[in-house]
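Remarks on the structure that follows.
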Amino acid sequence: MITFKNIEIKYDDFVAVPNLSFAVNEGEFFTLLGPSGCGKTTTLRALAGFLKPTQGSIEIAGVDITAMPIDERQVGMVFQSYALFPTMSAYDNIAFGLKIAKKSKAEIDTRVLELAKMIDLTPEQLAKNVANLSGGQQQRVAIARALAKKPKILVMDEPLSNLDAKLRKSLRKEIKEFQKSFGITTVYVTHDQEEALMLSDRIAVFNKGQIEQIGRPQQIYNESATEFVCKFIGEANSLTAADLAKLGIEVSDASASDAFYVRPEKVSFSRTASAVNRIAGQIVGKEFYGMYGYYQIEIAGTKLISFQRESKAEQHRNGE
Ligand code: ADP
Ligand code: MG
């Protein structure tokens with residue numbers, strides 16, 4: 001549905017994106033994930049038409065849109081700051097693009113009411129000035145506005161980052177449900193690993209304008225292609241071949257320069273230590289995170305971190 005071919009994007013002399021190629025399938029929820037400043041917004045803006053790449057081409061449904069004006073691309077965009085018109089009602093915000101496109105009043109009304117229903121906005125809320133709506137409602141209005149003209153593609157740039165943690169979680173679920181029920185091809189940008197893992201069909205992990213790995217969430221997490229991906233997507237114990245030898249773990253074909261990564265939830269502990277792959281160690285630190293405990297364990301001079309469910313770990317309270 002979307003193809004980026006050898007895209008380069010510069011701001012004057014600064015190369016923000018050196019050479020980017022990827023493809024998004026029809027109906028897919030595709031996420032660009034990476035740290036701040038890695039080129040996510042730049043890439044989205046090129047797709048939506050707010051800036052022109054200096055090299056390469058972008059296709060949507062087989063049509064080269066690299067130089068096509070914004071309003072012909074059929075890409076609906078939700079901005080990080082919502083970018084709603086603050087003095088207008090929710091209704092007028094959603095209707096804006098349709099008015100510009102000179103749709104009839106009746107047609108606009110039907111479409112706005114349909115969208116309002118979809119985003120759970122009551123007629124009273126629709127009539128309100130958007131400045132008087134909650135952050136979550138404003139965000140829904142921004143999504144409805146982006147969808148008003150029935151775009152082929154929906155792009156969202158960190159749409160949840162201005163909301164508090166609890167609201168972020170509930171809206172993230174709603175976004176997932178919208179997208180599923182519409183089946184609209186979606187390109188989503190976030191720096192939040194958990195958000196990307198929970199929402200996406202596939203994730204492209206970005207680092208300095210380049211893709212480190214593209215894959216399903218499980219692949220990205222369990223089969224990280226690079227150290228950057230492994231450490232960006234979650235916590236990891238990083239071990240050398242010498243560490244493994246000290247722990248008494250044998251790995252065939254390991255060379256001294258190899259690095260090994262073990263997710264903390266894969267390190268578990270218990271009092272009885274007779275089975276295979278069990279090594280005596282000591283709990284030297286613990287942080288409490290409600291459902292989970294975050295333990296530091298020292299084994300033969302090597303420190304490992306371990307996440308353990310509190311109910312399981314209960315018996316280790318006293319630090320053995
Ligand atoms: P992200 O969205 O991943 O945080 P951006 O795409 O906004 O990253 O930025 C990528 C890089 O391009 C950063 O180094 C940023 O400073 C730079 N950049 C972004 N916008 C501009 C601009 N208008 N002029 C010059 N440099 C920019
Ligand atoms: Mg950004």
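The values are calculated or read from the model by the stated rules, or taken from the named source; none is laboratory data. Here the structure is a predicted model, which is why all the values come from computation and not from measurement. Positions of Cβ are generated from backbone atoms using ideal geometry, with glycine treated the same way; all protein chains shown enter the neighbour counts. Accessible surface areas use protein heavy atoms only, side chains included; no ligands, DNA or RNA. Shrake-Rupley method; radii C 1.70, N 1.55, O 1.52, S 1.80 Å.
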With the 1.4 Å probe rolled over protein heavy atoms, the chain has an accessible area per residue in Å² of 52
Looking only at trypsin sites (Lys or Arg not before Pro) in DSSP loops with at most 13 other Cβ atoms within 10 Å, what is the longest site-free stretch of the chain? 103-270
Students often get this wrong, so check it: of LYS40/LYS286; LYS40/LYS176; LYS10/LYS149; LYS150/LYS180; LYS10/LYS103; LYS52/LYS166, which have C-alpha atoms separated by over 26 Å? LYS40/LYS286; LYS10/LYS149; LYS10/LYS103; LYS52/LYS166
PRE reach from SER255 (point 7 Å along Cα→Cβ): which of the range 225-243 fall under 18 Å by backbone N? 226-227, 239-243
Mind checking which aspartates and glutamates have their Cα closer than 19 Å to the Cα of LYS105? Skip sequence neighbours fewer than 8 apart in that chain. ASP92, GLU114
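Take the Cβ-Cβ distance between PHE288 and ASN162 as r, set R0 to 45 Å, and report the resulting FRET efficiency rounded to the nearest 0.05. If you can, show how the numbers build up before the last one.
Details: r = 29 Å, r/R0 = 0.65.
With a Förster radius of 45 Å, E is 0.95.
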Figure the gain on full extension for MET198 and THR87 (residue separation times 0.36 nm, minus the Cα-Cα span) and round it to one decimal in nm. 36.5 nm
So for the pair LYS150, LYS303, with labels modelled 7 Å out along Cα→Cβ, what separation do we get in nm? 6.0
Can you find, among ILE297, SER257, ALA280, the residue farthest towards the positive end of the dipole of the chain? Put +1 on the C-beta of Lys and Arg, -1 on that of Asp and Glu. ILE297
Evaluate the charge dipole of the chain about its Cα centre and quote only its size in Debye, nearest 20, assuming +1 on the Cβ of each Lys and Arg and -1 on the Cβ of each Asp and Glu. 820
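Please report, in debye to the nearest 20, how large the charge dipole of the range 122-218 is about its Cα centre when each Lys and Arg carries +1 at its beta carbon and each Asp and Glu carries -1 there. Provide the component values of the computation, followed by the final result.
Details: 16 positive and 11 negative charges, 68 e Å.
It works out to roughly 320 debye.
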One finds the C-alpha centres of the range 213-267 and the range 90-155 to be spaced, in Å, by 46
Quick numbers on the range 19-115, Rg and Dmax over C-alpha atoms in Å, give 16.0, 46
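Taking the Cα centre of the range 33-109 as the origin, how large is its charge dipole in debye, to the nearest 20, when only Lys and Arg (+1) and Asp and Glu (-1) carry charge on their Cβ atoms?
Numbers: 8 positive and 7 negative charges, 31 e Å.
Dipole about the Cα centre, nearest 20: 160 debye.
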Looking only at the range 80-239, where both bridge partners belong to it, what percent of the DSSP beta bridges are antiparallel (to the nearest 5)? 55
Can you compute the helix-only [θ] at 222 nm over the chain? Use -39500 (n - 2.57) per DSSP H run of at least 4 residues, normalise by all residues, nearest 500 deg cm²/dmol. -9000 deg cm²/dmol
Distance in nm between pseudo-label sites at LYS246 and ASP64 (7 Å out along the Cβ direction from Cα): 5.8
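Given R₀ = 30 Å, FRET efficiency for GLU114-ARG216 by Cβ-Cβ distance, to 0.05?
On the way: r = 33 Å, r/R0 = 1.09.
With a Förster radius of 30 Å, E is 0.40.
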Stretch gain in nm, segment LYS231-ASN132, where the contour uses 0.36 nm per residue and the Cα spacing is subtracted: 31.6 nm
Charges on Cβ only, +1 for Lys and Arg, -1 for Asp and Glu, centred on the Cα centroid of the chain; of ALA61, GLY215, VAL15, which one is farthest towards the dipole's positive end? ALA61
